[in-house]
1. Taking the options Tyr237, Tyr290, name whichever one is without any contact (Cβ under 8 Å) to a residue 60 or more places away in the chain and under 24 Å from the mean Cα position of the chain (by Cα).
2. Restricting to region 22-46, give me the number of residues that are in contact (Cβ under 8 Å) with a residue 60 or more places away in the chain and either surrounded by fewer than 18 Cβ atoms within 10 Å (Cβ to Cβ) or among the hydroxyl-bearing types (Ser, Thr, Tyr) (or both).
3. Quickly run through region 1-27 and pick out the residues that are outside any helix (DSSP H, G or I) and modelled with pLDDT of 95 or more.
4. Taking region 324-347, which residues are part of a helix (DSSP H, G or I) and over 19 Å from Ala255 (Cα atoms)?
5. Sort out which residues of region 123-168 are among the β-branched types (Val, Ile, Thr) and surrounded by 14 or more Cβ atoms within 10 Å (Cβ to Cβ), and write them in order of number.
6. Residues being free of Cβ contacts under 8 Å to residues at least 12 places away in the same chain and basic (Lys, Arg): count how many of those fall in region 136-157.
7. Condition (residue is of a type in the set (Val, Ile, Thr), in contact with a helix residue (DSSP H, G or I) (Cβ under 9 Å, 6 or more places away or on another chain) and under 26 Å from Ile134 (Cβ atoms)) applied to region 157-175: is it met by at least one residue?
8. It is to be established whether one or more residues within region 191-198 are over 11 Å from Phe137 (Cα atoms), at pLDDT 95 or above, more than 22 Å from the chain's Cα centre (by Cα) and of a type in the set (Gly, Ala, Ser).
Amino acid sequence: MNKALNDFAIGALMYDDSAPIREADRLTPFSPNYASVVVNKGAMVFHMLREQLGDPAFSSLLRDYYKQFAGKAASLADFEKMAQDHVTQAPPKPANFALGNPASSSDSTPAGPEETTPANVTSFFAQWINSTGIPEFNITYTVFRTKAGFRLDGKVKQNLDFFHMPVEIEVQTEGNPEIKTIEVSGTESSFTTEVFGRPKAGGIVLDPHNFILKSNVQLRVRAIIARGEALAEQGRYYDAIQQYQQALDQQKDNALAEFRMAEAFFYQKNYSAAANAFRDSLDGNIDPTYKWVEVWAHVYLGKVYDIAGDRARAVNEYSKAQQTNDDTGGAQNEAKKYLAQPYKEGA
C-alpha cells in the first residue's frame, strides 16, 4: 500500500501546478497533466478524505452519492455538501483527529466527545480541490525529561501558507513507538507533546501512515524523472534529457535519473554519451525500488559495445547482467539472447 501511495504521490507531483482539481476540465483529457491532477492527486484526495472522515462515514458517503446521482449529472459542490452531511451525522471523533479541528497545537492529548465540534469539510475542499500546492514538511524539536517521561517541544515547517490539517507524528522510543497528533497550520506551527519512553535521536517521523499527500526530496526528484519518462515515451528525447538533468541537479547520484538519461542518449544513437551515463547509473545510488537499473544498465552497455564492434566487452556486460539474477522486464532472456549473437543497431 505504501508503494501505491508513493506512486500516486509521484504522479500528483508531476504536474500539480497545472490546475486545481476543480478546474481540471481546462486540461486536455488523459494528457499527462490531466492524469497528474485528476487521476493521481484525485486518488490521494479520496485517500485523505477517508482518513479524515473515518471508514464508516466515508463508505456511507460513497454509497449515498452513487445512489442519489447514478445516471445523473453531478458536481463537486454536490459531493462536498453530501460529505459535510455525513460528517455531521457521524459519531464524534477525538478533537485532534477531526477536520476543521479547533484543538490547540500545544495539546496533543485526544479530547473527549464533549469537546468535539462537527468537522467542516469546506477548508479541506478549499485546500485540496480548489487550490494547487503540495506540502513538504520539516520538523525540529528538543527533548526534555519530566517526572512522567519526556516532553517534546518543536516546530513543523512547510511551504504552504494556506495549509491547515492535523498531522500524525510517530515518536520512536527505546520502548514501543508512540503515535501523537499535532495541528499544522500555516508555514510554521509549534507543538508540545509528552511521551513515556525516551525518544531516539532523529526518531520522529511525520505522517508515518501516509495519510497526507506530501512532498520530499526523493518524491520530488522521482516526479521530475517521471516527467522525463512521459516525454521519452513521446519520442521527445531532448526534452526528456532536460528533465533528467534537472533531477540530477537536485540529487546528483540518482541512479534512475542517470539510467533514463543514458537510455535517451541510446535512442538518439549518441552511444558515447549513453555508455558514460550507464556507467554513472551503476556507480550511483540505486534505490531498492529500482534495483532493476543494475541489470538493464549492463544489458544496454552490452548493446553499445556490440554496436562498436567490441564483442569481448559486450559479452562481459551480458554476463554481468546474468550474474545479478534480476529478471525484471525479461532482462535475463535479453542478456541470453545477445550472448548467443551480437546485438545489431535498430534490433
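1. Working: Tyr237 fails: under 24 Å from the mean Cα position of the chain (by Cα).
Testing whether each residue is without any contact (Cβ under 8 Å) to a residue 60 or more places away in the chain and under 24 Å from the mean Cα position of the chain (by Cα) leaves just Tyr290.
2. Just the residues of region 22-46 that are in contact (Cβ under 8 Å) with a residue 60 or more places away in the chain, to begin with: 22, 32, 41, 44-45.
If we keep only those that are either surrounded by fewer than 18 Cβ atoms within 10 Å (Cβ to Cβ) or among the hydroxyl-bearing types (Ser, Thr, Tyr) (or both) as well, we get 22.
Residues that pass the stated criteria total 1.
3. In the first step, residues of region 1-27 are kept if they are outside any helix (DSSP H, G or I); the result is 1, 15, 19-20, 27.
Selection gives Tyr15, Ala19, Pro20, Leu27.
4. We begin by selecting, within region 324-347, every residue part of a helix (DSSP H, G or I); these are 328-340.
Within region 324-347, Gly330, Gln332, Asn333, Glu334, Ala335, Lys336, Lys337, Tyr338, Leu339, Ala340 meet the criteria.
5. We begin by selecting, within region 123-168, every residue among the β-branched types (Val, Ile, Thr); these are 129, 132, 134, 139-140, 142-143, 146, 156, 167.
Of everything in region 123-168, those that are among the β-branched types (Val, Ile, Thr) and surrounded by 14 or more Cβ atoms within 10 Å (Cβ to Cβ) turn out to be Ile129, Thr132, Ile134, Ile139, Val143, Val156, Val167.
6. Residues of region 136-157 that are free of Cβ contacts under 8 Å to residues at least 12 places away in the same chain, as a first pass: 144-145, 147.
Now narrow it down to the ones that are basic (Lys, Arg): 145, 147.
So the count comes out to 2.
7. For region 157-175, residues of a type in the set (Val, Ile, Thr), in contact with a helix residue (DSSP H, G or I) (Cβ under 9 Å, 6 or more places away or on another chain) and under 26 Å from Ile134 (Cβ atoms): absent.
8. no
The values are calculated or read from the model by the stated rules, or taken from the named source; none is laboratory data. Please read all numbers here as calculations on a predicted model, not as lab measurements. In this analysis, Cβ positions are derived from the backbone assuming ideal geometry, glycine residues included, and neighbour counts consider all displayed protein chains.
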